[in-house]
Amino acid sequence: MSLENIKDYKGIFVFIEMTDGEVADVGLELLGEAGRLAKAAASTVTALVPGDGSVKPYEKLAAYGADRVVYLQNPALGAYATLPYTRALQKAVEELKPEILLFGASPIGRDLAPRLSARLRTGLTADCTGLEIEAASGNLLMTRPAFGGNLMATIVCGEHRPQMATVRPGVMQRAAKKDAQAEILEIPVEIPEEDFAVEILETVMNPPSKLNIREAKVLVSGGRGMASPEGFGILEEIAALLGGTIASSRAAVDAGWQPKDRQVGQTGQTVRPDLYIACGISGAIQHVAGMEESGIIIAINKDENAPIFGIADLGIVGNVNSVLPELKRQLESATA
Amino acid sequence: MNIVVCIKQVPDTTEVRLDPVTGTLIRDGVPSIMNPDDKAGLEAALRLREKYGGHVTALSMGPPQAATMMREALAMGADRAILLGDRAFAGSDTLATSSAIAAAIRKLDYDIVITGRQAIDGDTAQVGPQIAEHLSIPNISYAQEITPSEDRASVTVKRVFDDRYQMQRVKLPCLLTALSELAEPRYLSPGRVFDAWREMKVENWTSADLDINPAVLGLKGSPTRVKKSFPKAVKPAGAVIRLEGREAAEAVLRKLKENFIL
C-alpha cells in the first residue's frame, strides 16, 4: 500500500453488533470513543450495521454519536454469521475506505475482525483498552494489555489501511445521548453461495443470571478462599443488602462453584463498579486486570501476602468465615 | 479424519510476578508450557482420531526450544510434530504468523484444523480465524464440543457466546478454535513419553519448505508494529489491617460510609 493510497482512507468507522434486534452496549461505547477520536483528528464517525432490513436503529446510533449510518443489507445478515458478515464489511471497506475500523472485543468481534483483516491484508490489534491519535503522524495508537495483563503495549499500523482494532467491552465511555440526525446510506450486499458453509441448528440461551456483572454498581466477589459453592450464599446476601450482585474469580469458576458469566478478569469480564468487595480472592494479575478500575476496592483474605491487598483501598487480613457473617449482620442494621 | 492442531509454547503467565518497586516483569524461572487452549484442542483431536481414525499432526511456529513442547505433543499421542523455525519468521505479527502457518497447512492433508482460542501471552485470538481466511475454509470460533456427522462430511460444533450458545454445522474442511473447556488434557504415560523422546522425531521446517512469497513473512509481512511497551501504572494501596469478626465488619462499614456508599 503506497502512501498516496493511504490518504484516500478517511473517517472512523465502528462495527455495530446487534443482539436480538438491539444495539449491543459495546457498540455505543465504541461510538463514544470514536467521537472523542474524531474530535482530535477532525474526522467523522460512521456506524456500520449489517442486517436483514428488519431493524434499522438509525435514531439510536445518531443519538449516541454517529455522523453517518451505513446499513449493509442482505437476508443472510439477520443474525451473526462469520462469512456473510466478513463479505458485508469487505464491501463497505472497499467502497468507503475507512481510515480506522473499530470492533467490540466480544465473541463476535473477535471472530469477525481477524477474518476481515486477513482478507484485507491489513493490521489488527486485539482487545485494546486505550486509543489515541498520534499528533505528528495521524496514526492510531492502540494500547492493550499483554502477557496476561502484566504489561501494556502500544501498537501502530502505519503503512496499511484501515487501521483495525477490537476494543474491550466495558472500558470506553458512551457519549451523553443527544438529539441529532445522521446521514443514512443503505448498501445492498451480495453474498455468494460459498459463504453459506455454516448452518445454525439451534440457539440456546444460558439460564437467566442475576444482574449482569458489567452493569452492577456493587460487586461482592468470591474466590478459592470461599472454599465451597455454598460459601457464595452469604456473598449473595451481602450483595443484595448493597444493591449489587455476586462475581467470582477464575478459580471459583474452574471449580464449578459459579457460572462463567460471573467471572471477572482477563479471560472473564472487565468490570468497573463503584464498589468491589473481594472475598477469599488472592488477586492474580489476570483477576486484577478485570477489576482494578473499580471505584472502591475492599479485600478480605487470610493471607497477608495476597497480591489483592496491593490494589485494595481497604485490606482486611482475616478469615472470611469470621468477617462475612458479622458484616452481613451490621449491614442489615445499617440498612434497616 | 485427519486433523492439524496448531499449538504455541508460551510462558506460564500465571507464574509471572511484577517487581513491586520497579513495576517490571520478573521473568526469571517462569516455566514454558503448551498454551492451555491449544492443549485442549490437541486433546480433542486425539479423541476424535481414537474414535473415527485418521491422523493428528501438531504444528507450531517458534524458536528451537519449542521442540520440547512438540515432544510433549508426540507424547500425548500426535502422529507427527512439525516445528516451523526460521529467521525469516522473526518479528511476525498475527497476520504474518497466520500466513506462514497457513502455508504449512497447505502442504498437509487435513479435514479439520484446530487452534486454541487464544494464547495466554498475547491474548489476541486472531491467528485461528486468519489462518482459515488464508486457506479459504470456514471457521467456527469458541468451540466447546465437536461431533462429526455420520458421513464425516461435516461436524456439529457447540459455539459459545456471552449469554447463549449455538449448535452449528459446518462442512469439512474447516477450522475450529478451541476453548479450554473443549477437552481436559490426558496425563502422559511413561511409555509414550519414552517413545516421544527416543523413537519419534520433531520435523523442522523453514520458509524454504513453504510455497509462499517471502514478502508476507516476518517483520516485512507484519502491518502492525509494537511502538512501545511499559508496565501498567500501579495505584497506591490503602490500609491493610489484621482484624476478625465484629471489628473487621466495622472497618468495612466505616469505609463504605466515608465513600457515601452507605
Task: Total charge dipole magnitude, the range A:81-177, about the Cα centre, Cβ charges on Lys, Arg, Asp, Glu only, Debye to nearest 20 - done: 340
Task: the range A:218-335: relative contact order in percent, alpha carbon pairs under 8 Å with at least 6 residues between - done: 24
Open item on the list: Please compute the per residue accessible area over the range A:3-195 with all protein chains in place, 1.4 Å probe, rounded to a whole number of Å².
Closed with: 37
TODO: Provide the buried accessible surface between chains B and A in square angstrom, both chains summed, 1.4 Å probe, rounded to the nearest 100.
DONE: 7200
Task: Sequence-separation-based contact order of the range A:34-94, relative, with Cα cut under 8 Å and 6+ spacing, percent - done: 34
TODO: Using a 1.4 angstrom probe on the protein heavy atoms only, line up A:12, A:234 by accessible area, largest first.
DONE: A:234, A:12
Open item on the list: Angle check, please: helix B:245-258 long axis (alpha carbons) against the longest principal axis of chain B (alpha carbons), in degrees 0 to 90, nearest 10.
Closed with: 90
Task: Signed unit charges on C-beta, dipole axis of chain B, positive-most listed residue B:137, B:85, B:120 - done: B:120
Task: Shielding score for A:303-312, defined as the mean number of other chain Cβ atoms within 10 Å - done: 3
Task: Prolate/oblate/rounded call for the protein assembly as shown, Cα gyration tensor, a/c under 1.5 rounded - done: oblate
Open item on the list: I want the antiparallel fraction of DSSP beta bridges within the protein assembly as shown, as a percent rounded to 5.
Closed with: 35
Open item on the list: How big is the dipole moment of the protein assembly as shown about its Cα centre under a simple scheme where the beta carbon of each Lys and Arg is +1, that of each Asp and Glu is -1, and everything else is neutral? Debye, nearest 20, please.
Closed with: 840
TODO: Would you mind calculating the relative contact order of chain A from Cα pairs under 8 angstrom and at least 6 residues apart, reporting the percent as a whole number?
DONE: 14
TODO: Counting only heavy atoms of the protein chains, get the accessible area per residue of the range A:218-335 (1.4 Å probe) and round it to a whole Å² value.
DONE: 34
- [ ] Of the listed pairs A:7/A:39; A:60/A:217; B:232/B:255, which have alpha-carbon separations greater than 21 Å here?
- [x] A:60/A:217; B:232/B:255
Open item on the list: Threshold 20 Å², probe 1.4 Å: give the residues of the range B:166-203, in number order, that are less accessible with all protein chains present than with their chain alone.
Closed with: B:166, B:167, B:168, B:169, B:171, B:181
Task: Degrees between helix A:232-241 axis and first principal axis of chain A (Cα, 0 to 90, nearest 10) - done: 80
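Considering only the range A:218-335, what is the antiparallel percent among its DSSP beta bridges, to the nearest 5?
Looking only at bridges with both residues in the range A:218-335, the antiparallel portion is about 0 percent.
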Open item on the list: Ignoring everything except DSSP H segments at least 4 long, calculate the 222 nm mean residue ellipticity for the protein assembly as shown; use -39,500 (n - 2.57) per segment, divide by total residues, nearest 500.
Closed with: -8000 deg cm²/dmol
Task: Portion, in percent, of the accessible area of chain B that falls on carbon or sulfur, probe 1.4 Å - done: 51
Task: Rounded accessible area per residue of the range B:66-105, 1.4 Å, Å² - done: 25
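Please report the antiparallel percentage of DSSP beta bridges with both residues in chain B, rounded to the nearest 5.
Values: 17 of 42 bridges.
DSSP beta bridges in chain B are roughly 40 percent antiparallel.
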TODO: Roll a 1.4 angstrom probe over the protein heavy atoms and tell me the percent of accessible area of chain A that is carbon or sulfur.
DONE: 49
- [ ] Between residue B:211 and residue A:52, with labels modelled 7 Å along Cα→Cβ, what's the label distance in nm to one decimal, could you check?
- [x] 4.1
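The values are calculated or read from the model by the stated rules, or taken from the named source; none is laboratory data. Owing to the predicted nature of the structure, the values given are computational and were not obtained by experimental measurement. Neighbour counts run over all protein chains shown; Cβ positions are idealised from the backbone, glycine included. All accessible areas refer to the heavy atoms of the entire protein, side chains included, with ligands and DNA or RNA removed. Shrake-Rupley method; radii C 1.70, N 1.55, O 1.52, S 1.80 Å.
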